[in-house]
Amino acid sequence: MTESAVNEHEVSYPPSAEFVEQANAGPELYAAAEKDRLAFWAEQAERLDWAEKFTDVLDWSDAPVAKWFVGGKLNVAYNCVDRHVLAGNGDRVAIHWEGEPGDSRDLTYSDLLAEVSRAANAFTELGLVAGDRVAIYMPMVPEAIVAMLACARLGLMHSVVFAGFSSTALRSRIDDAEAKLVVTTDGQWRRGKAASLKDAVDTAVDGADSIEHVLVVKRTDIDVSWTDGRDLWWHETVGSASPEHDAQPFDSEHPLFILYTSGTTGKPKGIIHTSAGYLTQTSYTHHYVFDHKPGKDVYWCTADIGWVTGHSYIVYGPLSNGATQVVYEGTPNSPDEHRHWNIIEKYEVSIYYTAPTLVRTFMKWGREIPDAHDLSSIRLLGSVGEPINPEAWRWFRSVIGGNKAPIVDTWWQTETGAIMVSPLPGVTATKPGSAMTPLPGIAAKIVDDEAKPLGPGGNGFLVLDEPWPAMLRGIWGDMERYKDTYWSRYAEEGWYFAGDGAKFDDDGDLWVLGRVDDVMNISGHRISTSEVESALVGHPSVAEAAVVGAADETTGQGIVAFVILRGGIENTGDDLIAELKAEVSREISPIAKPRQITVVPELPKTRSGKIMRRLLRDVAEGRDLGDTSTLVDPAVFEAIKAAGKKA
Ligand code: 6R9
């Protein structure tokens, strides 16, 4: 392995004395979990209101399908809504909602209770019973969250499908889960324009045998076609239902939702999550990792509910903790690039959780934009979704965090349900680019191909060697694939294979290097795509970079890079490319020097913001493009190919 792109012994950032003073978590949390892991989780489960106490913390006898908090009963929606009202916090704002065109709405916990109760009554009236599946295909409107909670309240499983996905993607998810109801909107706002969403639903449900009803929230007021008997307006059906509803408790292991992961190949996997373990870990992590203080903090997670981050850190974690949060419907540059900072100023957001790709976009737009705003309310920043390169990390901390807000770089997956590896903001001295340490109660290892655990300096695969409460319970309809994908690689040891490469630095801190399929092999040297990207982005001319390993006759793979320049930087052609290659040589090693660097206007990304390296590899290796259906904008490729020809 080559040297890392960053000097990991550079200054680390300890929390300030003032932060430590008021922090939810201290070092004793690690000690408690260390002493007795299961007792620690039993204690965390006390964060929830139980209708019936559990008798056992964990039953792993049917591994790899866990049962957590065995014999317990609770209602997830009651824990996210009712209990806050009953505790006297009904007037607290749960959701400060900002619509894309500039409309806004505040929902208190009492409002949320009335809405969720109405929706639960309406769903019951439609004949839905516990265990049924409901597809939710909606933009970021409050009703989307209400619909999810109404499902949870009734023991229905929701399957949220990102509203940017095609009708084909929606249909395959409806069919796979045999959903009976789709909840949607007439249309969605995108950069000031209303675009139909109902049309896509109509196409998707045409001939879908399982579907009985389509429930439509009026959002944009555009015309929709209507199928009588099947289609229902939310404002009529839910609007006329009673706001009183008695939540029934369900077993700890009652299924809560299915969420399909954007698989790189083949059919998407319907990841199954269940109730009590999932809620315990999302609540626990939201409280400690974000140092959340209910009634004081204003929290904003910029994800979409179509992704797991939206499930765990917009809906279940924050609401179980009685949070006041911002929910934003639109894109960060609508109507202009000031939108996020305007929202932060307006609501005095104190905790801001986003993705590295967005941080790099902000860098590209230039610091004068956030600098024009008062961001002094921010006291904590979070990052999720991919490795955050040290350059973006430092920019985030200094420009957005006023050089004082701790950054929590949180590693986890759809499959893990909740955060697994992250700093604790009042404890950990953080290093730019490192997710640092498994959280208290979480067991992780870095191991080699032969399952040998690696120590400081080691570089291998990230595995989870003990079950955790929010872990997936399977893949919908395909338990063989569940075992095969996650548990066969280290079957003998019984470890969960995360599919990520990782290393421990010499201090024993953990660095996630990216998906294993993103690790290149150059003349027998393993180099992570993100390491090279990080080096490129470290150059003052580069805003964003994507790196792939392309087949190479002599070296096995050669490194091919695509870069976007920062605003105002002139593309000097060969001179610039030579300089960038030299930069990578310097930062990592001559072995890591890209064979080819192409300046491009855009990078192809999935709708969740992940760079589609597979497609870039196709371009780099001169192949026809495969499936581009999950891309935000397939036209991006034409521009990339054109730039490649010029290069
Ligand atoms: C939550 C989420 C999971 C994959 C995961 C890894 C990457 C997520 C990361 C990170 C480095 C972090 N990933 N967080 N890599 N540092 N802090 O993103 O879930 O969409 O299922 O993606 O994302 O590669 O395996 P999901």
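The values are calculated or read from the model by the stated rules, or taken from the named source; none is laboratory data. This structure is a prediction, so every number in the text was calculated from the model and none was measured. All Cβ positions, even for glycine, are placed from backbone atoms using ideal geometry, and neighbour counts span all protein chains on display.
Computed values, structure above
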quantity: Search result, residues across region 580-600 that are surrounded by fewer than 13 Cβ atoms within 10 Å (Cβ to Cβ) and touching a Ser or Thr at 6+ places or on another chain (Cβ under 9 Å); calculated: none
quantity: Test: residue in region 550-570 that is modelled with pLDDT of 90 or more and either more than 31 Å from the chain's Cα centre (by Cα) or within 16 Å of the ligand (Cβ to nearest atom) (or both); calculated: no
quantity: Residue within region 167-182 that is basic (Lys, Arg), surrounded by fewer than 20 Cβ atoms within 10 Å (Cβ to Cβ) and either more than 16 Å from the ligand (Cβ to nearest atom) or not assigned by TED's automatic domain parsing to the domain that holds ASP336 (or both) present; calculated: no
quantity: Within region 152-259, helices (runs of 4 or more DSSP H) holding 3 or more residues that are closer than 30 Å to SER320 by Cα; calculated: 167-177, 234-237
quantity: So GLY239, is it without any contact (Cβ under 8 Å) to a residue 12 or more places away in the chain, in the same structural domain as ALA169 (by TED's automatic domain parsing) and either more than 28 Å from the chain's Cα centre (by Cα) or surrounded by fewer than 18 Cβ atoms within 10 Å (Cβ to Cβ) (or both); calculated: no
quantity: Some residue of region 353-364 being hydroxyl-bearing (Ser, Thr, Tyr), within 16 Å of the ligand (Cβ to nearest atom) and in contact with a Leu (Cβ under 6 Å, 6 or more places away or on another chain); calculated: no
quantity: Test: TRP365 is more than 25 Å from ILE95 (Cα to Cα) and either free of Cβ contacts under 8 Å to residues at least 60 places away in the same chain or of a type in the set (Phe, Trp, Tyr) (or both); calculated: yes
quantity: Of all residues making up region 400-432, the number that are among the small types (Gly, Ala, Ser), in contact (Cβ under 8 Å) with a residue 60 or more places away in the chain, more than 9 Å from the ligand (Cβ to nearest atom) and touching a strand residue (DSSP E or B) at 6+ places or on another chain (Cβ under 8 Å); calculated: 2
quantity: Residue identified as within 23 Å of ASP449 (Cβ to Cβ), among the charged types (D, E, K, R) and in the same structural domain as ARG481 (by TED's automatic domain parsing) among ASP507, ASP500; calculated: ASP500
quantity: When residues of region 474-489 are limited to those that are in a loop (DSSP other than H, G, I, E, B) and within 16 Å of the ligand (Cβ to nearest atom), the one surrounded by the fewest Cβ atoms within 10 Å (Cβ to Cβ); calculated: ARG489
quantity: Options GLY127, GLY88: the member that is surrounded by fewer than 20 Cβ atoms within 10 Å (Cβ to Cβ), part of a helix (DSSP H, G or I) and of a type in the set (Gly, Ala, Ser); calculated: GLY88
quantity: Filter result for SER608 (over 17 Å from ALA543 (Cα atoms), in contact (Cβ under 8 Å) with a residue 24 or more places away in the chain and among the hydroxyl-bearing types (Ser, Thr, Tyr)); calculated: yes
quantity: Sole exception among (1) of a type outside the set (Val, Ile, Thr); (2) within 16 Å of the ligand (Cβ to nearest atom); (3) in a loop (DSSP other than H, G, I, E, B); (4) over 21 Å from the mean Cα position of the chain (by Cα) for LYS445, by number; calculated: (3)
quantity: Selection count, region 383-399, where residues are outside any loop (DSSP other than H, G, I, E, B) and either near the ligand (Cβ under 8 Å from one of its atoms) or of a type in the set (Gly, Ala, Ser) (or both); calculated: 3
quantity: Filter pass, TYR347 being without any contact (Cβ under 8 Å) to a residue 60 or more places away in the chain and aromatic (Phe, Trp, Tyr); calculated: no
quantity: Residue within region 332-351 that is of a type outside the set (Val, Ile, Thr), more than 20 Å from LEU424 (Cα to Cα) and within 16 Å of the ligand (Cβ to nearest atom) present; calculated: no
quantity: Selected residue [away from the ligand (no atom under 16 Å from the Cβ), at pLDDT below 80 and among the hydroxyl-bearing types (Ser, Thr, Tyr)] from SER608, SER589; calculated: SER589
quantity: Top-ranked residue of region 361-379 - restricted to ones that are in a loop (DSSP other than H, G, I, E, B) and among the aliphatic types (A, V, I, L, M), ranked as farthest from LYS346 (Cα to Cα); calculated: ALA372
quantity: Of all residues in region 433-442 being in a loop (DSSP other than H, G, I, E, B) and within 12 Å of the ligand (Cβ to nearest atom), the one that is nearest to TRP495 (Cα to Cα); calculated: ALA435
quantity: Among the candidates SER252, SER312, SER320, residue that is of a type in the set (Ser, Thr, Tyr), within 16 Å of the ligand (Cβ to nearest atom), at pLDDT 95 or above and surrounded by 24 or more Cβ atoms within 10 Å (Cβ to Cβ); calculated: SER312
